[in-house]
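Rule-based calculations on the coordinates, nothing more; no lab input. Computed from a prediction, not measured in an experiment: that's the story for all the values here. All Cβ positions, even for glycine, are placed from backbone atoms using ideal geometry, and neighbour counts span all protein chains on display.
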Amino acid sequence: EEWSERGAATGARQETDASGQTQTRAVKKGVKDFNFGRTLGEGSYSTVLAATDRQTLKEYAIKVLDKRHIIKEKKVKYVNIERDTLNRLTEHPGIVRLYYTFQDERSLYFVLDLASGGELLGVLKKIGSFDVECTRFYGAEILDSVAYLHSRGIIHRDLKPENVLLDRDMHVKITDFGTAKILADPQRSAMGSQGASGAPTDGAETDRAVSFVGTAEYVSPELLRDKNACKASDLWAFGCIIYQLLAGRPPFKAANEYLTFQKILALDYIFPDGFPEVARDLVERLLVLEPANRLPVEHIRNHRFFDGVQLGKALWRQKAPRLK
Ligand code: ADE
């Protein structure tokens, strides 16, 4: 197996040479450069640990992936997709940033932004449901982040409140790009799935049949019907999240996955009493079976539900509303 090292960032290290002069050299960060702390989360192939850079004292979340396990379970492709995707998604405050990658004999290490506020799901469970003001704020931050990743040619495919993390100021950081889809660059895909160099586009999916299915409750009907996800599939999940923040539970939920899928395909959901009318109108324009008929991302932003919300950088600079 191959664990290539594309796009890896480097740190700077000061060294004194033989003549006594101090030189600054670019050196790749490694395990020894961090103090590892508490466990933040555990997945099937990875553990996320809090860690501190010994030189800068900056805190990170480091995802440690077990190479043997990944190879055995044939997940190498997904690990590479996660790294390639994160390397494309720099410079947006709403996406967990990848700073460094390195490896040792046993593990791969992804050094990420620390989101010390935990999962949006945890916060939601603690207080039951959000009011309109909080839903508007968190909805706007999730939407701004999704618009950014779509603009970079990436579909998340597994958006849900567990994958929406919160930083220490309670602003959104979207994570878990292991099942993302990198859309073929339109210029490159004009030559088929091969780039001008003749090499395949990194991680790009050009074939339609994809066996991946995300988390049952947030899966779009087109993924169930045609095994094909598009940008609008993320907007279906976004509609499910808006509903869940206000109602305290996702719109499609049943005793098992099969029954959940049947409900999704039949658009079988109801709004609880007291669900705000403006939010209901938005959700009804997102939970639409035909992806082409869903409200596009630029129109969602202009929906009445988001009236008065801060735009662009101001949204990320504002103080997060107190949860209630
Ligand atoms: N759990 C998983 N990823 C995390 C992160 N980046 N920050 C905090 N907790 C996490």
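Can you give me the long-range amide H partners of residue 118? Hydrogens built in the peptide plane at 1.01 Å from N, cutoff under 5 Å, separation of 5 or more residues or another chain.
166
Based only on Cα atoms, what Rg/Rh ratio does the chain have, Rh being taken as Kirkwood's radius? Walk me through the intermediate numbers first.
Details: Rg = 21.1 Å, Rh = 21.2 Å.
Rg divided by Rh gives 0.99.
Rank by packing, highest mean first: peptides 71-82, 111-122, 172-183, with packing defined as the count of other Cβ atoms within 10 Å averaged across residues. Numbers along the way, then the final one.
Details: 71-82: 15.6, 111-122: 18.9, 172-183: 22.6.
Top to bottom by mean Cβ count within 10 Å: 172-183, 111-122, 71-82.
How large is ³J(HN,Hα), in whole Hz, for each residue of the stretch 315-321 in order, when computed from phi with the Karplus curve 6.51 cos²θ - 1.76 cosθ + 1.60 and θ = phi - 60°, using x for Gly and Pro?
Going residue by residue, I get 4, 7, 8, 5, 6, 5, x Hz, with x marking Gly and Pro.
Just subtract the alpha-carbon distance of residue 313 and residue 152 from 0.36 nm times their residue separation and send over the number in nm, one decimal. Intermediate results must be reported in sequence, preceding the final value.
Details: separation 161, 0.36 × 161 = 57.96 nm, distance 1.80 nm.
Net length gain for the segment: 56.2 nm.
How do 269-281, 95-107 rank on mean C-beta neighbours within 10 Å, highest first? Could the numbers behind the result be given before it?
Details: 269-281: 12.6, 95-107: 17.7.
Peptide ranking by packing, descending: 95-107, 269-281.
For the stretch 34-122, divide the Cα radius of gyration by the Kirkwood radius and give the resulting Rg/Rh value with two decimals.
Details: Rg = 13.1 Å, Rh = 13.8 Å.
Result for the stretch 34-122 is an Rg/Rh of 0.95.
So how far, in whole Å, is the C-alpha centre of the stretch 40-104 from the one of the stretch 293-314?
Centre-to-centre (Cα) distance: 31 Å.
I want to check the label-to-label distance for residue 228 and residue 25. Put each point 7 Å from Cα in the C-beta direction and report it in nm to one decimal.
5.3 nm
What is the set of long-range amide H partners of residue 112 at a cut-off below 5 Å, with H atoms built 1.01 Å from backbone N?
When sequence neighbours closer than 5 places are left aside, the close amide H contacts are 61, 62, 63, 99.
Comparing 39, 215, 24, which has the greatest mean-square fluctuation in the GNM of the chain with Cα pairs linked when under 10 Å apart?
Comparing 39, 215, 24 in the GNM, the peak value goes to 24.
Which order do the peptides 57-68, 293-304, 145-156 come out in when sorted by mean C-beta neighbours inside 10 angstrom, highest first? Present the calculation step by step, with values, prior to reporting the outcome.
Values: 57-68: 17.9, 293-304: 14.8, 145-156: 20.0.
Put in order of decreasing packing, that is 145-156, 57-68, 293-304.
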